[in-house]
Amino acid sequence: MGGLYAWVRHPIYTAGLIFLWLTPILTSNLLAMNIGLTLYILIGAWLEERKMVAEFGEAYREYQRRVPMLIPYRIPK
């Protein structure tokens, strides 16, 4: 697998989190909304991971071992 999917398993969720948390002005209302949306994204990613493992089995588990979920902390090979 190449492109962004070699860096993170959920690049769209990662982009959404970056967009949320790089807001230049953060009011208490925006903070509450950002926390809620972050939890929503994390729970959604976790549920999606479960579905992918159920559908693709060991192949997806190997992908999980090689590629981080949301934060790209490894350089793809």
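The values are calculated or read from the model by the stated rules, or taken from the named source; none is laboratory data. Only a predicted model underlies this, so the values are computations on that prediction, with no experimental measurement involved. Here Cβ is always computed from backbone atoms with ideal geometry, including for glycine, and neighbour counts include all displayed protein chains. What goes into the accessible areas is simple: the full protein's heavy atoms, side chains included, and nothing from ligands, DNA or RNA. Shrake-Rupley method; radii C 1.70, N 1.55, O 1.52, S 1.80 Å.
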Item to check | Residue in the stretch 43-77 that is least open to solvent (accessible area, probe 1.4 Å), counting only those that are in a helix (DSSP H, G or I) and among the aliphatic types (A, V, I, L, M) | outcome: 45
Item to check | Residue list for the stretch 6-28, filter: open to solvent by 100 Å² or more (accessible area, probe 1.4 Å) and in contact (Cβ under 8 Å) with a residue 60 or more places away in the chain | outcome: 7
Next on the checklist: Considering only the stretch 29-42, I want to know if a residue exists there that is assigned to a loop (DSSP other than H, G, I, E, B) and either open to solvent by 90 Å² or more (accessible area, probe 1.4 Å) or within 17 Å of residue 67 (Cβ to Cβ) (or both).
Outcome noted: no
